[in-house]
Structures are given as structure tokens and as C-alpha cells.
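The values are calculated or read from the model by the stated rules, or taken from the named source; none is laboratory data. Bear in mind the structure is a predicted one, so any value in this text is a computation, not a measurement. As a convention, Cβ positions derive from the backbone with ideal geometry for all residues, glycine included, and neighbour counts pool all protein chains shown. These accessible areas exclude ligands, DNA and RNA; they are computed on the full protein's heavy atoms, side chains included. Shrake-Rupley method; radii C 1.70, N 1.55, O 1.52, S 1.80 Å.
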Protein chains: 2
Amino acid sequence: MYCLLPVRQELCKRRFFYRQASDIYGGVAGFYTYGPPGSAVKNNIISLWRQTFVISEHLLEIEDSCIMQHSVLKASGHVDRFNDFMVKDVKDESKFFRADKLLEEVMEAKLQTPGIADAQRHEYTTVRNQADAYSQKEMWEIFQKYEIKSPETGNDLSEPYEFNLMFPTPIGPGGYLQGYLRPETAQGIFLNYKFCLEQNSNRLPFGVAQVGRSFRNEIAPRAGLTRQREFTQAEIEYFVNPKQKDHPKFASVESTVLILFHADAQLNAKDPVKMTVGEAVRSGLINNETLGYFIVKTWQFLVSIGLKKEYIRFRQHLPTEMAHYACDCWDAEIFGSYGWLECVGIADRSAFDLTAHANAAKCDLQYKESLEKPFEREVLILTKKSGVDIMKAFKKDGKMVKEFIEAQPQEELECVAKKLETGDAEVQVDGRSFTLTKGLAVFERKKEKVTVNAFTPGVIEPSFGIDRIFSMLLEHVYSARPKDDKEDDKQTRGVLSFAASSAPYKCVILPLDQRIARDKRYLQMLDSFTRELCEQGLSFTSDESNATIGRRYARNDELGVPFAVTFDFETMEDSSVTLRERDTMWQIRLPLSLLGELLRCLCKGSESWQSAFQRFPHKKNSNEEFRKD
Amino acid sequence: MYCLLPVRQELCKRRFFYRQASDIYGGVAGFYTYGPPGSAVKNNIISLWRQTFVISEHLLEIEDSCIMQHSVLKASGHVDRFNDFMVKDVKDESKFFRADKLLEEVMEAKLQTPGIADAQRHEYTTVRNQADAYSQKEMWEIFQKYEIKSPETGNDLSEPYEFNLMFPTPIGPGGYLQGYLRPETAQGIFLNYKFCLEQNSNRLPFGVAQVGRSFRNEIAPRAGLTRQREFTQAEIEYFVNPKQKDHPKFASVESTVLILFHADAQLNAKDPVKMTVGEAVRSGLINNETLGYFIVKTWQFLVSIGLKKEYIRFRQHLPTEMAHYACDCWDAEIFGSYGWLECVGIADRSAFDLTAHANAAKCDLQYKESLEKPFEREVLILTKKSGVDIMKAFKKDGKMVKEFIEAQPQEELECVAKKLETGDAEVQVDGRSFTLTKGLAVFERKKEKVTVNAFTPGVIEPSFGIDRIFSMLLEHVYSARPKDDKEDDKQTRGVLSFAASSAPYKCVILPLDQRIARDKRYLQMLDSFTRELCEQGLSFTSDESNATIGRRYARNDELGVPFAVTFDFETMEDSSVTLRERDTMWQIRLPLSLLGELLRCLCKGSESWQSAFQRFPHKKNSNEEFRKD
């Protein structure tokens, strides 16, 4: 069905797109270094992401710290629940396994047994597919049922136990303060929701974005970039009124046709469907317009950087996969040598995170909206006299205590009032304790006009795994070409057909040979030309080695550089140069003075290569003469 | 002498340039969050840095991991020597102090004593200035001599002990592998030198850059962004032949005049001097051309983002400050409310780091250069017969063992040969051990033609503290203006006069009032105009609040937005808009259709505001009518 050539690890390593981090020391699984072309492509992806989301959608971008304190990640649920189950070899503690992955492998092996019965096939498949959904107890029962042993030694395995995936680190010299490396960038956004809302003139809806490293101490990091212990996320939290999830720009995207693999289809072994997003939202398949809008924006972004449309689909989470608070969640999956790989998650997380932090930090994160039609209700308030009494009683702290009480929510005041019926009540203000006696704090019930509707915003979260997108992009733009352009040659060499916007360098500069490379006129032309490229913000590279021009073209095709500029003997006379395009391998001849602007237009997409090819003397084969049609 | 207004913390917090991280939880010292305008300015600084260094200097940029393994940081010296001395209150262990900082404070206090004698003043000053240079023993002697006690409690203090400033974290579920958060981005570059050299066609000199987070578990983080526990570095390692440190582009910068505060001047209480870099290098004040070149490039970069020339100086490290292997080191210091603050370090670190990693990782990091005049020398080599014998003896491993022996450096071979004189010799190949017996491995001495000169490259390291530069930039571009533009008003409000290239948003869009904001024609014009801005990559913001237009201008002056575009009732009729510039507060009137291109030119610097002001109908005061001169 699909026939993508996996990018050879060899090319990635040889041209240093990426490789194992600390490779000269042997490296550690799960950590990678991006080399010059890889780092450039990754930066381009991030910069296109900022263009598509932060600038075009007017998001507020923030940059929070990687190290976060315990209380934050306790509230978010990561300290207690961000775990995987592990099992250990009981006789050799250096051998440990991620329980769900081991179970999947064991079931997979059983499924390979020739001639197994249908009932068994069904059972093994079910267990394999649910491997990551079992509780600790269920997992242990299943390990016992199938008598699963330590793979290499055959020894018994321990009961499954929880392993927290966060990297812990102590903060400060006392080591008294427990910190962790953030497992996702999202939490930094929730912590700063209140301050961002202020910057947005206290208006909903609005979105906040963050791009940065996240860290997960994976038990079994995968080969390649798809499950690293350190990775780059680009996350958006789009805060909405939970009752108003329509999106003003939805109409502009609703006719977009996407491949949707909805939960029903997955459960009933059906195929994904092609459907417009408008239809999907109207039929209730996608929960709301804002979710639908970001699904389309995600798709547009992925296509714009060069991923193949037919290899992008959106898979809905099954009810069992979804967190209890989420109302709908879709993963953008991209097809490659790992099969369909989750690269972006787009979830409606409701008000879960803001509520958790508001409770833990004892901080009001509610949104207050003026009501068009105010109404009346009964409230408990401090009597005027009692307010004055408290001000006097606590002297210089009096004002603070009084204002603190007045700012408390109704439930708190009811509590205090109840306590005061039978004795004193303590209040904690600014870290100190104050005792309210019965006669001092007196409450009364009054009618109050309610003019404000307070609620905790819901949130739609598009979350991008930049390294996975990078990795899939390498696969989608890779192809092989016969070596030396001879059709009968069985040896091939790679070409990475990056779009100009994501290519590591926009052009490569090639002096025809060493005589040119040392010519003063070349050096002068080079100086002013590269200055022009720098001013246009067009990155470039050069290859002044001894290799033939054909070999150097090939080397740069392998790097994915879309354009090659050759300076030859004619250039020294008339300042004309040859421009070659990577994918067609066609060439045009033009004055160097026109090249900077042409490259800018070609890379920006305001002129096509076909059009440039027509405008200037050209040839389709390097052996021909340049001609003008 | 200097009169910079410190940027009010209040402005930075209120407009969310930055604030304490996890603020709603109370935060932890040393961690900050950049809000939307701060994050945008910081990203602009980084992007200009990439433009100035990576693109213009053709550097290879890489991206390494933040978590690094023990062996790497052991070799670099960070595990053993990246320490500060601490002292603890012997009765209250929760009170601890950085010994040098406490000593500085105690000496500072003594210096404030009225009427102290000159000899004492000299003594206290000397101790204060050397506080961070004492050994553990010296520090303890000084603490005893001055009877320094725990500041708040008056209790005795412990002997000074070393505290390592790296954040430790265990890697993997076994916790067997000790990791640390990188204390600098530089080490990632040294680890990948070999692979980058390959990408540079094995040619020297070349530079490698990395931008990213670094982490230091400071004992006493300072208020503000200047000593954080997590910060962003942009570092370059420029690898050179240690005997050829001249730079091809030095001539283009040598006439640049800089403020140089050389070591001699510091030691003899003289003032910094103004001098051309050419003169400084020729006189030997600055060690070499490459160092001088990067000092100028650093200065050019700092000035280009908007820092004030007169508040930038280069301070040479004193011989006592400099690492033993460094040959010269200059800090770019920027003046602000903290005095002169080190923001960039430019060091010639010789071959120290590469040598350390080559030894620890047992990996050849030498550069091999073809000699123009080859010469002969005597070498020890395996005899041809012995090579064949070894191939046979170790069967399928034979080839590997033979090639391993042949690739060993001469010293190693001499060792093996020596061992074989008295018995067997073991060699470790690919993690396994092979025994060479006397008869098996036989060496002979032969004359060899040496055609290659091998050496470990030296390195020039410009290292930028991006957060410090950001922080100083805020101070340099800040000024105060009377509120409501009334000269007699004593209240002022801040203006941040960012250069367009570093401004958080290039323009703000303002509908005159709510009637305009809700007008369909406005929404249509807005849609196509913002689309144009997005295409140009010009970031923008809008302010559709109820505030008067004057107040909204002021708000955006405070954010540092250089241009404001106002849509009013006339706009609805003739599509003309008002463009106001932040610093002059002058306004021009022009068709909306011309605005996108004009903004692009103004922000790029290809048209000045003065010129635009002349070209279009204009006014210098908001009460005037627009007129054309």
C-alpha cells in the first residue's frame, strides 16, 4: 500500500543530520545530537511553526523554565501518575523491562505461532492492544497467567511496580527542595495563564504557546528520534469559554478534506474515512469548531513543511485511551518506517489543569465575564461594624486581614461562620495565622446583584513533537537516484527533496575547480554575493573541494540543498553563473546580479522554478548547450 | 558619569516581560518565565545572533542534549572543579552561605566603618577583590582571622566545603548511570568537533555554534536575570591551527575603536583606553587576530541589537583569573544598574578541551595536515608476516585485531613491544581482550616518510549570556516620559525604544473606538492587512480596548512597539490610515495598500522614518492637521 524508502541511518550519520549524543564516549540511549544540516532543518520547522501559529493566530508565546518545583508537578498529576510499570529479573537486577512493551512482545511472538486457532488469535491480539491500559494488579495477573519470564535469562520476574518517568533533581545547595525536569511544556503555560490573560486585555478566547525541551526518563528509549529522553515540544493552550467553542475562522477551513480514523471505525475494524472538517464537526464526530480548526491548521502546517498529504491522518482517541476529563482528542499520525506514528496530539482537555493549579496554589484562576442580564442572589458578608472592629483588633495587619476575609469565596465564608457559631476560627493570611473570635467577626446575609459570571476556561491543546515531525519529514522527502546518473548503475545515492522553506541551506556555492577557487575575481564576486544572501536571510554553504562538479552536485542533493550556483571561467569574464535545481537537475544561466533576488523569490515561493527556467537560457541535461526557447 | 534609569521591575512584571517562574506557587529563586513581549525580544536577539554569526560567519550550528553523562563532565573538569565554597551555620543547617560572597559582604561592611586607616582600607579591599580566588585552606584561615559568624544567628560557621554547581540527575530506570544537566553548551561542541570537521571537508579553521539552555545550581541566585539557575547561552568554538591564528577578514574590522580595559590598567588602577583593534593586536595587547576579530564582531552584534556603544567595554582577564591553559581572555562588559556586568566572554582556550576529551574517550581528535615538505623518521611497525599470522590466529576477529594494532600510536606500540620482550601482551579491541604472544606479534623498525603534520586544534571561544544581554538591553532602551504628554506632569511613564529588529512586535493595530472595531469594513481591511504582515514575517499586536487612543499609544510605547497603525472613520471611506512612530511620536497618513511594504522597509532599515515622514502627509503633534510640505 505504501512504499516509502526509509532514510538510511547511514546518510543521517554520515552527513551528520543527527547521531547519538556523546558518541565519542559511546553515548547513552535516548539522547541525540543534531548536526549542522539537522539542526538547520529543525530550526526551520520551528520557525515555520511560529509563523503558522504564533504570528498568524496571534498567540502569546512564553518561555518557562525546564526545572520545575515539586508542588507544581504534584498538582498536575505527574508526581503520582506519570508512571510506567516495570518488571525486574529477580536474580539479575540490572535487567529490567517496561511491562507493557514486554507483554506486547510476548503476545506478538505467540501470534506468530503457525496455525493458532482463531479464539487464541483474538485473545492474544486483545491483550497486545490493551497492554498499556492494564492496572498494576491486572498486569501481574496476566504475567502470571502467561508465565512470562525474563527474556534472556529465563529467570522469574518481579511483580510490576511503578516507575516515575520524570528526571528528579535537587534545587539549591541544601537539597531540601525537590525539583524535576518538566515532562511537557504545557504546565508552564497553565502556571502563567493568569498573567497572559492580563496581557490579552482580560479577553477570552486566546492562545498561549511555548516551544522548548521536555524530558522523560524512558525505560526503553527507541532507536531513532521517535522516543527520546530529551525532546522538543511546541505546545499551544487555547483558552475558551467552555460554552462557546465555536471559532470565528472555522468557515475558512471547513471545506478541507482530511483522513479521519474515528473511534468507531477503530473499534469495528473499519477503514479511516475522507471527510470535510465541516461535516465532521456538524455530525458531532469532532467535538467542536475550535478543535476542528486546530486540526486543519495542524494539517496545513504539516503539508507546508513538506510532508505528504496521503501519509497524514487524524486518529481519534478511544474512550478508554482518553483522560477522564478530556472531551475529545485526535492525534495527527504520520506514516513512515515505524508505521503510523503519533506526531501531534490535539485534545480538548476541558478545565482540568487550571482547576488543579487553582486548588493547589490557592489562587483564583476563574474568568470573570460581565453578564448582559444581572440577577440577584443572597450572600454572606462581613457586617460593616465587624470590618471596622477587625481593622482595629489586628492593628497594622488589620486592613490586610479584613480584605482577605472579604475576598474569600462564599463556601469559605460559610465555613468560617459555622466555626464561629461554636468557638474561634483561624485564618491564614500571607503565611501567618490570625484568630477570629465570635464577637469580632460577624456576618450577615444580604441580597447581592450578580453582574459577573465566573468560570474556569476550558482549553484546546495542540501539542507538537518536533523531533518526530523532523524524523518523518526526512523519510517523506527521501528518494534514491542511480549513481553518476547512469540508468544501468545499480548503486544509488540519496536525494532529500526538502521544500526551500525547510531545507538546511537554500543554496550551495561551487567554484568549477581549484583555479576558479583561487581566482581573485571569484573571491570578490563571492564576497558581495554572500553579503547579499546574508541580507536576504538566505542561508548557504559552499563546497570548494577537488571533487568533480557532478559529484559535488550529488553531495548537496544528499543534504537537500535546493539550488546550486556554479562559478566557472565564463563567470570570470561576464559575471554570469549557472543555477541548478536539485529535483529536476535542470540548469539556467543568468547574471550574478539577478541571482540574489531570484533565489529570494524561488525560496519564498513567489516564483516557480518552471517560470525561472523559461525566463533564462536553460538546459535539461548537463551535456547540452544553454539555449533560450 | 553614567545616568541610566534602571528599568522598573514593576514595568517588566506588569507587562510580563518576565517574572518569577511558578509565581502562583510562590516561585523558587533563580528561575524565571519570559512572558510574551520578553520571549519575543529574546527570540529576536537569538535570531539576530544567528544572522550575525552562524549565517554571516558560515558557522556550523549543532544542537546537543541538556543531560550529559558523568564521563563527559568528568573529563571536562566540571565534576571535580566546578565548585563554589560554602559555609554552614553549625547550629542551624538550613542556613548556608556562599563563602566568597559572605566574605565580600563582611569586607564591604568593614570598609564602611568611618575613619578606618589607609592600611586597613587596603587590606579589606584586597581581601574583598580576591574573595573568589582563595583556596579552601586560605578561605578557612581568613574566616578564622576575621572571626566571621553566621550573619543572622551569630553562630559559628563550618569550615568551607566544596559544593558542585551542576544539577545531578539519574539516567534510566536502574539509576545506575549518573547524569548532570550541562553547565555550559560548549562541551557539546567539543564532543562533536570530529563530526563537524568531516562536514567541513576536513578543513581548518572553522567554527561550530550552539544556542541553548545551561543549568547551574547557584548557591545564591541574584535577583533579576543576571544570575539564574537556568539560562540561555549562545556559544561558538572556532577551531584553528594553533600556529595560524590570523583571520582573513581581520583587515575589514581593524580600524574599529573599542574601549579596552586591559589587565595592566586594572592592576595599576588606570582607566580603560580607547584603541583600534588593529593597534591592540599589533601591540600584543590582544593575543591574535582571530580573538580580535571576534571581539569586534561581538561589539558589532551588541550595538546592532540596540545597546549603547559608550556602555560597552572589553575587560581583559587578570593572569590570576585566567585558566592555566588559556592564553588570553576578554569579557564584553555592559554597564547598567548592576555596574559593569560581564555579558560575553571571548577566550583563547588553546587545545585544552579537545585534549581532555581525546584522552578520556580514547579517541583521536588530532587534525592531520598534509606537509608541503615531507621528511623521514624511524617508526615501529608490525612485520608483514606477523600481520598474516595474527589474521590467522584470531580467525574471524583476526582482521580487526591486526587493523587495531596498525592504527595504534607509536607510544602504544612501543609499550606493547616492550611487554612482548618479557612475555605476553593483552590488547583491548571493541570491548574484548586478545592475547598477543611473543612469536605472534613481531615488530620491526623502518624509515617512514612523514607527509602529515598532526596537532590538536586550538580554540577561540566567544560565549554569550543571552539573558544578561536581554536584561541590559531593557535598561539601555528605557526612558521615561511625562504622563499624558503634559510637561508639568510629575508622573512619568516608561518607553522602551527597541530597534525594530529586536522589538517584540513591529506594529500595533488600533481601531479608533468601538464603533470602528465592530465595523465590517474594518474587519475586512484588518484581515487582508494582517495576512500581508504575516507573509512579510512582521509580528504585530492589536489593542481594541475602550481606552483613549492616547492611552493606547502610551501602553504600546511601554511595550516597545515602534509603529502604531490607527484605523478611523476616514479609513472606512478612503482606506487611508495613520502611522505613528514611537520615539518621535510623529504621525503620517497613507493608503493602507502602501503600509505593508513601508513597514517592511522601515523595520529592515532600508527606509528611515525621517524619509517616510517627508514622503507622506504628516504632523508632529496629534492636535495638528496632516499636511504635505
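Step through the table entries B:Lys362/B:Lys396; B:Lys243/B:Lys274; B:Lys384/B:Lys446; A:Lys520/B:Lys373; B:Lys13/B:Lys506; A:Lys368/A:Lys419, compare each Cα-Cα distance with 18 Å, and write down the pairs that go over it.
B:Lys362/B:Lys396; B:Lys243/B:Lys274; A:Lys520/B:Lys373; B:Lys13/B:Lys506; A:Lys368/A:Lys419
Provide the net charge surrounding B:Thr578, with neighbours chosen by a C-beta distance below 10 Å and charges set as Lys +1, Arg +1, Asp -1, Glu -1.
+1
Would you work out which of A:Gln524, A:Pro511, A:Asn556 lies farthest towards the positive end of the dipole of the stretch A:505-619, given +1 charges on the beta-carbon of Lys and Arg and -1 on that of Asp and Glu, about the Cα centre?
With unit charges placed on the Cβ atoms, the residue in question is A:Asn556.
Could you quote the convex hull projected area for the stretch B:372-452, Cα atoms only and averaged over all directions, in nm²?
Value for the stretch B:372-452: 5.7 nm².
Would you mind pulling out the separation of the Cα centroids of the stretch A:256-316 and the stretch B:33-95, in Å?
Taking the Cα centre of the stretch B:33-95 as reference, the centre of the stretch A:256-316 is 41 Å away.
Over chain B, what relative contact order in percent results from Cα pairs under 8 Å that are six or more residues apart?
12
Rounded to the nearest 5, what % of the DSSP beta bridges within the stretch B:505-617 are antiparallel ones?
Here the antiparallel bridges make up roughly 55 percent for the stretch B:505-617.
Taking A:Asn129 in one copy and the same position in all the others, each labelled 7 Å out along Cα→Cβ, what are the pairwise distances from the first, in nm, shortest first?
7.7
Mean separation of Cα pairs under 8 Å and 6+ residues apart, divided by the residue count of the stretch A:101-247: what relative contact order is that in percent?
16
Shortest first and in nm with one decimal, please list how far the B:Ile381 label point sits from its counterparts in the other copies (point 7 Å along Cα→Cβ).
So the label point of B:Ile381 gives 9.9 nm to the other copies.
Under the 0.36 nm per residue contour assumption, what length would be gained going from the current alpha-carbon distance of B:Lys438 and B:Ser497 to full extension?
13.4 nm
Amide H neighbours of A:Thr169 under 5 Å, counting only residues 5+ apart in sequence or on other chains, H built in-plane at 1.01 Å?
Amide H neighbours of A:Thr169: A:Gly179, A:Tyr180, A:Leu181.
Report the local net charge at A:Gly596: Lys and Arg +1, Asp and Glu -1, summed over other residues whose C-beta lies under 15 Å from its C-beta.
0
Counting only Cβ atoms, what residue of chain A lies nearest to the axis that sends chain A onto chain B, and how many whole Å off?
Spelled out as residue then distance in Å, it is A:Thr169, 2.
Within 10 Å of each Cβ in A:191-197, how many Cβ atoms from other chains are there, averaged over the peptide?
5
In peptide B:64-76, how many Cβ atoms from other protein chains are near each Cβ within 10 Å, on average?
5
In the stretch A:83-164, if the dipole is taken from +1 on Lys/Arg beta carbons and -1 on Asp/Glu beta carbons about the Cα centre, which of A:Gln120, A:Val87, A:Phe143 is farthest to the positive end?
Positive-most Cα among the choices belongs to A:Gln120.
Enter the angle in degrees (range 0 to 90, nearest 10) between the Cα long axis of helix A:118-130 and the first principal axis of the Cα atoms of chain A, meaning the one along which they spread out most.
70
Around A:Gln178, what is the net charge, scoring Lys/Arg as +1 and Asp/Glu as -1 over all other residues with Cβ under 15 Å from its Cβ?
After counting each charged neighbour, the total is +2.
Would you list the P(r) distribution for the stretch A:481-629, with all Cα-Cα distances sorted into 10 Å bins from 0 and each bin expressed as a whole %?
11, 43, 38, 8, 0
For the charge dipole of the protein assembly as shown, defined by +1 on Lys and Arg C-beta atoms and -1 on Asp and Glu C-beta atoms about the Cα centroid, which residue among B:Gln244, A:Met572, B:Leu382 has the Cα displaced farthest towards the positive pole?
A:Met572
On C-alpha positions alone, give me the angle between the axis of helix A:592-604 and the longest principal axis of chain A, in degrees, nearest 10.
Compared with the principal axis, the helix lies near 40 degrees.
By average Cβ neighbour count within 10 Å, what is the ranking of A:499-509, B:149-159 from highest down?
Most protected by this proxy first, the peptides run A:499-509, B:149-159.
Using Cα positions and a limit of under 26 Å, work out the lysines in reach of B:Lys145, with same-chain residues fewer than 8 apart set aside.
Leaving aside lysines fewer than 8 places away in the same chain, those within reach of B:Lys145 are B:Lys88, B:Lys91, B:Lys95, B:Lys101, B:Lys110, B:Lys137.
For the stretch B:574-618 and the stretch A:162-228, what is the separation of their C-alpha centers, rounded to whole Å?
42
I need to check one value: relative contact order of the stretch A:498-621, counting alpha carbon pairs closer than 8 Å and at least 6 residues apart, in percent.
28
How far is helix B:136-145 tilted, in degrees, relative to the longest principal axis of the Cα atoms in chain B, given as a value from 0 to 90 rounded to the nearest 10?
60
In what sequence, largest accessible area first, do A:Ile381, B:Ile24 appear using a 1.4 Å probe?
From most exposed to least exposed: A:Ile381, B:Ile24.
Can you tell me the order of B:454-462, B:397-405 when each peptide is scored by its average per-residue count of other Cβ atoms within 10 angstrom, highest first?
B:454-462, B:397-405
Can you give the mean number of other chain Cβ atoms that lie within 10 Å of the Cβ atoms in peptide A:33-46?
Mean shielding count: 5.
What does the copy distance list look like for B:Ala326, label position 7 Å along Cα→Cβ, in nm and ordered from shortest?
Here B:Ala326 shows inter-copy label distances of 5.0 nm.
Taking the C-alpha atoms of the stretch A:327-380, how large are the radius of gyration and the largest Cα-Cα span, Dmax, in Å?
Rg and Dmax of the stretch A:327-380, Cα atoms, are 20.1, 64 Å.
Go ahead and run the numbers for FRET between A:Lys373 and B:Glu342, Cβ-Cβ distance against an R0 of 56 Å, rounding to 0.05.
0.40
Rounded to the nearest 20 debye, what is the charge dipole size of the stretch B:373-457 about its Cα centre when +1 sits on each Lys and Arg Cβ and -1 on each Asp and Glu Cβ?
I would put it at about 380 debye.
Rounded to a whole number of µm²/s, how large is the Stokes-Einstein D of the stretch A:6-63 at 4 °C and 1.567 mPa s, given Rh as the Kirkwood radius over C-alpha pairs?
Reported coefficient: 97 µm²/s.
Of the peptides B:41-47, A:135-141, B:324-330, how do they stack up when ordered by the mean number of other Cβ atoms within 10 Å, highest first?
The peptides rank, most packed first, as B:41-47, B:324-330, A:135-141.
Explain nothing, just the number: dipole magnitude of chain B about its Cα centre with +1 on each Lys and Arg Cβ and -1 on each Asp and Glu Cβ, in debye rounded to the nearest 20.
1040
Based on the Cβ-Cβ distance of A:Tyr161 and B:Gln136, what FRET efficiency does E = 1/(1 + (r/R0)^6) give at R0 = 45 Å, to the nearest 0.05?
Result of the calculation: an efficiency of 0.55.
Between B:Glu321 and A:Cys601, with labels modelled 7 Å along Cα→Cβ, what's the label distance in nm to one decimal, could you check?
Calculated label separation equals 5.3 nm.
Tell me: how much accessible area in total is hidden between A and B, 1.4 Å probe, Å², nearest 100?
So the total buried area for this chain pair works out to about 6900 Å².
Rounding to the nearest 20 debye, state how big the charge dipole of the protein assembly as shown is about its Cα centre with +1 on each Lys and Arg Cβ and -1 on each Asp and Glu Cβ.
Rounded to the nearest 20 debye, it is 1080 debye.
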